[in-house]
Every structure is written in C-alpha cells, then in structure tokens.
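Below are the structure tokens for one structure; questions will follow.
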Amino acid sequence: MSSVCISVIFLLSGLKLKTADITNALRAYKAFILGIVTILGLTPLTGFGLIKVSLSSDEFAFGAAIFVCMPTTLTSGVILTGQAKGNVALALLLTVATNLLGVALAPFWVSVVLSTAGTSANTSV
C-alpha cells in the first residue's frame, strides 16, 4: 500500500508541472548529471568519515553512515526546492532518477561503507 501512496505522490507532483518547466528541466542535463553524481556518488562517500568519527555510540555512527548512502526523498528533493523557489521540475526528475538508481546503488554503498568500520554495531532488537 505504501508503494501505491508514494507513486500517487510522485504522479501528483508531476501533474502540477507545466510543459515548459519539464522542457527546461530536460535541457538542464549538466545540472542533472551533477545532481546524480552528488546524490549517488559524493554524498555516500561521507559515510566513510562518519563511520570513523567518534560519536556517542557505534550504532549512531552506523545509522548516520547508512543515512548518507540513501537517495534524496520527495520531501527534501522536491518540496524544499519548491519552497526555495528552485527548479521543481529538475528536482522531481532527480528524485525519481536517484530513487530508481538507488535501488541498486544504496545496498552497494551501505555494504562498502560498513565493511570499512572494523567493528560491528549491536543489531539485536
């Protein structure tokens, strides 16, 4: 059910866009490529530093490292961009693309980042 709700939110966000906005977003291919590289490449690299920083607990460091390996959410990617009067169409395009690519890349980044920890967090519930 949650997948259906998320799909509806993406659809409604896209329906609010004007054709000119979509065209401008597609023309901004350099910004799109930079966004993809930053969101799915550079941001997860900060996980290597977070895993080594002495935080209040290993679990907190692991959680922060996992967090930076995830793609942009609809809220941070689109809604905040709209509130800042940014390019909402480009933000929506980036959010959709990074979430689709993140299905494959997020597990890769999480495993690589956590494998460098040298210790394991207590994952018992």
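Quote the charge dipole size of the chain about the Cα centre in Debye, to the nearest 20; the model charges only the Cβ of Lys and Arg (+1) and of Asp and Glu (-1).
The calculated dipole for the chain is roughly 480 debye.
Any idea how far the Cα center of the range 49-69 sits from the one of the range 100-114, in Å?
Rounded to whole Å, the Cα centres lie 16 Å apart.
Students often forget the sequence filter, so: which lysines lie under 24 Å Cα-Cα from Lys18 once same-chain residues fewer than 8 apart are removed?
Lys30, Lys85
What number results when the radius of gyration of the chain, computed over Cα atoms, is divided by 2.2 N^0.38 Å?
On the way: Rg = 16.8 Å, N = 125, 2.2 N^0.38 = 13.8 Å.
Working it through for the chain, the quotient is 1.22.
Could you rank the peptides 35-42, 88-95, 20-27, 68-75 by their average count of other C-beta atoms within 10 Å per residue, with the highest value first?
Numbers: 35-42: 15.9, 88-95: 23.2, 20-27: 13.2, 68-75: 18.4.
In decreasing order of mean packing, 35-42, 88-95, 20-27, 68-75 become 88-95, 68-75, 35-42, 20-27.
Give me the percent of the accessible area of the range 1-116 that comes from carbon and sulfur atoms, probe 1.4 Å, all protein chains in place. Working shown, then result.
Numbers: 5290 of 7250 Å².
Carbon-and-sulfur percentage of accessible area, whole number: 73.
Taking a ≥ b ≥ c as the square roots of the Cα gyration tensor eigenvalues, with a/c under 1.5 meaning rounded and otherwise prolate when a/b beats b/c, else oblate, which class fits the range 1-69? Please list the in-between numbers first.
Values: a/c = 4.89, a/b = 1.76, b/c = 2.77.
Oblate.
At 222 nm, what helix-only mean residue ellipticity would the chain give, in deg cm²/dmol to the nearest 500, using -39500 (n - 2.57) for each DSSP H run of four or more?
On the way: 7 runs with 85 residues, N = 125.
Estimated from H runs of four or more residues: -21000 deg cm²/dmol.
Apply the membrane-span-like helix rule to the chain: whole DSSP H runs, Cα extent along the own long axis of at least 30 Å, mean Kyte-Doolittle hydropathy at least 0.0. List the helices found. Walk me through the numbers before you get to the answer.
Numbers: long enough: 88-115 (36 Å, 2.07).
The answer, listed by residue number, is 88-115.
A follow-up question, please. Using a 1.4 angstrom probe, figure out how much accessible area the chain has per residue, in square angstrom, rounded to the nearest whole.
Working: 8020 Å² over 125 residues.
Accessible surface, normalised per residue, equals 64 Å².
The values are calculated or read from the model by the stated rules, or taken from the named source; none is laboratory data. Because the structure is a prediction, the values reported are computed rather than measured. Every residue, glycine among them, receives a Cβ derived from its backbone with ideal geometry; neighbour counts consider all protein chains shown. Just so you know, the surface numbers come from the protein's heavy atoms only, side chains and all, with ligands and any DNA or RNA stripped out. Shrake-Rupley method; radii C 1.70, N 1.55, O 1.52, S 1.80 Å.
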